[in-house]
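Engineer: The structure follows.
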Amino acid sequence: MKKVYIETLGCQMNKSDAERMFGMLEHLGYTETTEPKEADMLIINTCSIRQLSEDKAYSAIGVWGKWKKTNPDLKIVFAGCVAQQAGKTLFQRAPYVDLVLGTQRLYELPNLVKRIEAGERVVSVEETPYEESDIKINRVKSINAWVPIMEGCNNFCTYCIVPYTRGRERSRKPELILSEIKKALAEGFKEITLLGQNVDSYGKDLDGWNLSRLLREVNALEGNFRIRFVTNYPTDITEELIDTVIELDKVCEYFHIPMQSGDDYTLKKMNRRYDFATYKKICDNLRNRISDVTITSDFIAGFPGETEEQFQNTLNAMTELELDYSNTAAYSPRERTVAAKWVDKYIDEDVKTERLARLNEHNRECCLHSNKKYIGREMEVLIEKFEGVNEGARKGKNVITGRTRNNKIVHIPYDQDITGEFVNVKITNARTWYLDGEMV
Ligand code: SAH
Ligand code: SF4
Ligand code: F3S
C-alpha cells in the first residue's frame, strides 16, 4: 500500500475536497497517513483568500521539494485555489511539483495520478468543470458531514479572489447530493451541513430546484439528525427560505451572513449589493420570525480608503445588530481583483492591525452579550466530543462538548462519552466563546 498525506488550508470547501481526494485515492491503492515524512504522495490543498494563506502553501511545498532530492519517487501535488490560479506558472516556481490540480478538476484526480505515476508532469486547471461521478468519500470522523451543494461565485466583490478560483456558480445534481447524504446518515453522521459559496444560488442552473426544495428533500430523509447550510448572501435570503427553516424540524436556526462592512460607502466600493439599512432589515426580519436564531457574519478591517469614521460604522453595526459572532480579517490585496488596483488608497499595515484588534475586541463583547441571553434556558445539545478531564475552569471533572441547534457551543460536566447523542441541557453560565451547562 502506498501512503498519501494531504495538508488542507482554507475553508470548509477545501476540507470537503480533501475528503473526496482521500476517497478517490483509496481506489488507487493509497492509504492515508498523518505523517508527511512517511508519504509516497504529498498533496497540498491551497487557499488564496489572503496573502498569508498563499504564502503558507508555497513554504510547505518548498520543504517537500527538498525531500524529493533524497526520495526522487516522491510525488508532490499542488491543489486547491492557488493551483487554479497559478496553473502552469507553478512549474517555474516549483519544478519539483508533479501535478497542479485546479479546483475545477477535482474529480479528474484518479486519471491524473495514473499519469504522474507513469512519470508525466501534469497541469490540470481548465475552467470547464470536470463531470463528477458517484465517488467514495473518506470523511473526517466527527458528527458533522460537509456536503457541497454548489460551487463558485458570480458576485465579484472587489476584494475577493473566490470567483477566480472557484469559477462561476454551479449546482450539484440533487440526486448526487441526496445519495451522498443518505450514505453519511447510514455511517452515523448526525448533522449535515450543506456547503456553498452562495447557497442561496442553489438550483438557479437546474430545472425546478432551489435551496428550499433541497432542504425539504433532505429533511424528509429518515433519522434523527440536524441540517445546516452556509454561506448566505444577505440580499439573496428569500421569504420562502425563512418559511422553510421555520417549517422543517431538522433545519437549524442559524444563518451565516457575511456583512463585510457596516459602512454604506465602503459597501459600495466593495460591490456588495446592500447598505446598512437593508442588512439591518434582513436581521430584524430573521429575529422576528425565527426565535433564538443565531446570526453570524464576516468583516474586513482596513479595506482600501476606509476612514476611521467608516471603520467606526462597522463597530457600531456589530453592536446594533447584536451579531452573535463574526469572523474578522485585515484586508489583503489579491492579484486580479479590482480593489487591489487602488494602491494609493491602501491602509497602512499598522493601522489595519490596530483596527483588526479593535474589531476582535468588539466581537468578543458581542459574543459574550449574545451568550448571556441563554443563561437559565434549557436547550437541546448534540454532543460532539468527549473532552476528558478539563484542566481549566472545570478542574478535575470530565467534560463533554456539543452544540445547540442555534450553533452555540456548550461544555457539560459528564463522565461518559455520549458523542452523537441529543441531550437536554440547562445553561448555567455564559463565556465569550461557549456556554456552560448541566445535564437535565
Ligand atoms: N461567499 C462569502 C464569503 C467567502 S470568502 C460571502 O459572500 O460573504 C470568506 C471571507 O473571507 C469573506 O467573507 C471575507 O470577509 C474574507 N475575505 C475575502 N477576501 C478577502 C481579502 N482580500 N482580504 C481579507 N479578507 C477577505
Ligand atoms: Fe467572494 Fe463576494 Fe463571492 Fe463571497 S460573494 S465569495 S465575498 S466574491
Ligand atoms: Fe480559500 Fe478557496 Fe476557500 S480561496 S477560503 S479555499 S474557496
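The values are calculated or read from the model by the stated rules, or taken from the named source; none is laboratory data. Worth saying up front: this structure is predicted, and the values here are computed from it rather than measured. In this analysis, Cβ positions are derived from the backbone assuming ideal geometry, glycine residues included, and neighbour counts consider all displayed protein chains. Ligands, DNA and RNA are stripped out before the accessible areas are found, and what is left, the full protein with its side chains, is counted by its heavy atoms. Shrake-Rupley method; radii C 1.70, N 1.55, O 1.52, S 1.80 Å.
Engineer: Report the semi-axes of the equivalent ellipsoid for the stretch 261-353 in whole Å, largest first, where each axis is √(5λ) for an eigenvalue λ of the Cα gyration tensor.
Structural biologist: Taking √(5λ) for each Cα gyration eigenvalue gives 27, 13, 12 Å.
Engineer: What are the semi-axes of the equivalent ellipsoid of the stretch 68-135, taken as the square roots of 5 times the eigenvalues of the Cα gyration tensor, listed largest first and rounded to whole Å?
Structural biologist: Calculated on Cα positions only, the semi-axes equal 21, 15, 8 Å.
Engineer: Can you give me the Cα centroid spacing of the stretch 1-66 and the stretch 162-238 in angstrom?
Structural biologist: Centre-to-centre distance over Cα atoms comes out at 25 Å.
Engineer: Another question, then. For the chain, what does the relative contact order come out to in percent, with C-alpha contacts under 8 Å and a separation of six or more?
Structural biologist: 10 percent
Engineer: For the stretch 10-49, with all protein chains present and a 1.4 Å probe, just round the carbon and sulfur fraction of the accessible area to a whole percent.
Structural biologist: The nonpolar share, carbon plus sulfur, comes to 48 percent.
Engineer: With θ set to phi - 60°, apply the Karplus curve 6.51 cos²θ - 1.76 cosθ + 1.60 along the stretch 125-137 and write out the HN-Hα couplings as whole Hz, x wherever there is a Gly or Pro.
Structural biologist: The phi angles translate into 9, 3, 7, 7, x, 6, 4, 8, 10, 6, 10, 7, 10 Hz.
Engineer: Could you sort out which of LYS190/LYS280; LYS268/LYS373; LYS141/LYS250 sit more than 28 Å apart by Cα distance in this structure?
Structural biologist: Beyond 28 Å between Cα atoms: LYS190/LYS280; LYS268/LYS373.
Engineer: Something else: In the chain, what cysteines have no partner Cβ closer than 4.7 Å?
Structural biologist: Within the chain, the cysteines lacking a partner Cβ under 4.7 Å are CYS11, CYS47, CYS81, CYS153, CYS252, CYS283, CYS366, CYS367.
Engineer: Okay, next question. Please compute the alpha carbon radius of gyration of the chain, then divide it by the globular-protein estimate 2.2 N^0.38 Å. Two decimals is fine.
Structural biologist: 1.01
Engineer: Give the distance, in whole Å, between the Cα centre of the stretch 395-440 and the Cα centre of the stretch 290-354.
Structural biologist: The distance from the Cα centre of the stretch 395-440 to that of the stretch 290-354 comes to 32 Å.
Engineer: While we're looking at this one, here's another question. At q = 0.13, 0.16, 0.17 Å⁻¹, what is the log10 ratio I(q)/I(0) for the stretch 1-91, with the Debye formula run over Cα points and no solvent?
Structural biologist: -0.41, -0.63, -0.71
Engineer: When each pair of different Cα atoms in the stretch 315-365 is counted once in the 1/r mean, what is the Kirkwood radius in angstroms, to one decimal?
Structural biologist: One over the average 1/r among Cα pairs gives 12.5 Å for the stretch 315-365.
Engineer: According to the Kirkwood expression over distinct Cα-Cα pairs, how big is the hydrodynamic radius of the stretch 229-276, in Å?
Structural biologist: Roughly 12.2 Å, rounded to one decimal.
Engineer: Which value in Å is the Kirkwood Rh of the stretch 314-440 over different Cα pairs?
Structural biologist: Radius from the Kirkwood sum: 16.9 Å.
Engineer: Then there is this: With a 1.4 Å probe and all protein chains kept in place, how do ASP350, ASP236 rank by accessible area, largest first?
Structural biologist: In descending accessible area the options line up as ASP350, ASP236.
Engineer: So what is the accessible area of the chain per residue, in Å², with the probe set to 1.4 Å?
Structural biologist: 44 Å²
Engineer: Which whole-Hz couplings ³J(HN,Hα) result when phi for each residue of the stretch 354-367 is put into the Karplus expression 6.51 cos²θ - 1.76 cosθ + 1.60, θ = phi - 60°, listed in order with x for Gly and Pro?
Structural biologist: Ordered by residue, 3J(HN,Hα) equals 5, 5, 4, 4, 5, 4, 5, 5, 4, 4, 4, 4, 4, 5 Hz.
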